[in-house]
1. When you go through (1) of a type in the set (Gly, Ala, Ser); (2) within 11 Å of the ligand (Cβ to nearest atom); (3) surrounded by 18 or more Cβ atoms within 10 Å (Cβ to Cβ) one by one for Gly104, which number turns out not to apply?
2. Test Ala73 against the criterion of being farther than 23 Å from Ala196 by Cα, in contact with a Gly (Cβ under 9 Å, 6 or more places away or on another chain) and either free of Cβ contacts under 8 Å to residues at least 24 places away in the same chain or within 13 Å of the ligand (Cβ to nearest atom) (or both), and give yes or no.
3. Quick one: what pairs do we get from the stretch 88-102, first residue acidic (Asp, Glu), second within 12 Å of the ligand (Cβ to nearest atom) and modelled with pLDDT under 95, C-beta under 8 Å, 6+ apart or different chains?
4. Looking only at the stretch 1-35, filter to residues that are free of Cβ contacts under 8 Å to residues at least 24 places away in the same chain and within 22 Å of Arg179 (Cβ to Cβ); which one of those is nearest to the ligand (Cβ to nearest atom)?
5. Please pick out the residue among Leu77, Leu115, Leu167 that is of a type outside the set (Val, Ile, Thr), buried (at least 16 other Cβ atoms within 10 Å of the Cβ) and in contact with a Ser or Thr (Cβ under 9 Å, 6 or more places away or on another chain).
6. Part of a loop (DSSP other than H, G, I, E, B), out of contact with any Cys (no Cβ under 8 Å at 6 or more places or on another chain) and in contact (Cβ under 8 Å) with a residue 24 or more places away in the chain: is that true of Pro134 in this structure?
Amino acid sequence: MSDAAHWDRRYGEGEENLSWHQESPTVSLGLLDRLEAGDASVLDVGGGVSALAEALLARGTDDVTVLDLSAAAVEALRTKVGADERLTLIAHDLLTWDPPRTYGVWHDRAVLHFLTDDADRDRYRAALDRATAPGSGVVLGVFAPDGPEQCSGLPVRRHDAEELAALLGPGFDLVETRREEHCTPSGAVQPFTWIAARRR
Ligand SMILES: C[S@@+](CC[C@H](N)C(=O)[O-])C[C@H]1O[C@@H](n2cnc3c(N)ncnc32)[C@H](O)[C@@H]1O
């Protein structure tokens, strides 16, 4: 699943043609508000060229990190946002990344669902544990049980809110769950499950 070339090719097609493209990260921002994240530092894993980083910077968050497997995505985001010392960009595979610090919020829209293999999910969970601290928020968004079986041509594991909460386990308090019907640029509807939680 950690195929950087696949993602580089997808980002080469142009942002507006990507099925996951959205003009505004409305659900993400709403869940950050529910977590009362304020100006807490945010790590967006698999952030691609999402508008979330720009939206956070515009809201005054002065510590935003976007990590993505695709160097093409990271460069496209760098070009889009422009020089901003408040933004850290990291081109790396999340599953082999050793977080150098902790963050106020771990945000993931549509990366976790590619992890169909239990060993990869364990790696994801280990990175999340290292990148968060007691009090950190976690926002996860993945395809819902009635969502598509594939994303970007790759198989996905679909989740309901209970499964996402179980992945985090008893060390996290669930703050909110949401269902979103994402409308792709071509007009398809993709149901998402979201949760917001806080580490104890
Ligand atoms: C469906 S896209 C979602 C992008 C972004 N979160 C958004 O909402 O626009 C999935 C993203 O995850 C990235 N990705 C896939 N596997 C990854 C991995 N192992 N480590 C880091 N990023 C990964 C891809 O490059 C891509 O940018």
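The values are calculated or read from the model by the stated rules, or taken from the named source; none is laboratory data. Keep in mind the model is a prediction, meaning the values are calculated, not measured. Heads up, the Cβs are rebuilt from the backbone with ideal geometry, glycines too, and the neighbour counts pull from every protein chain shown.
1. (2) is the only condition that Gly104 fails.
2. The answer is yes for Ala73.
3. Correct list of pairs: Asp93/Ser2.
4. Residue satisfying both the conditions and the ranking: Thr26.
5. Leu77
6. Yes.
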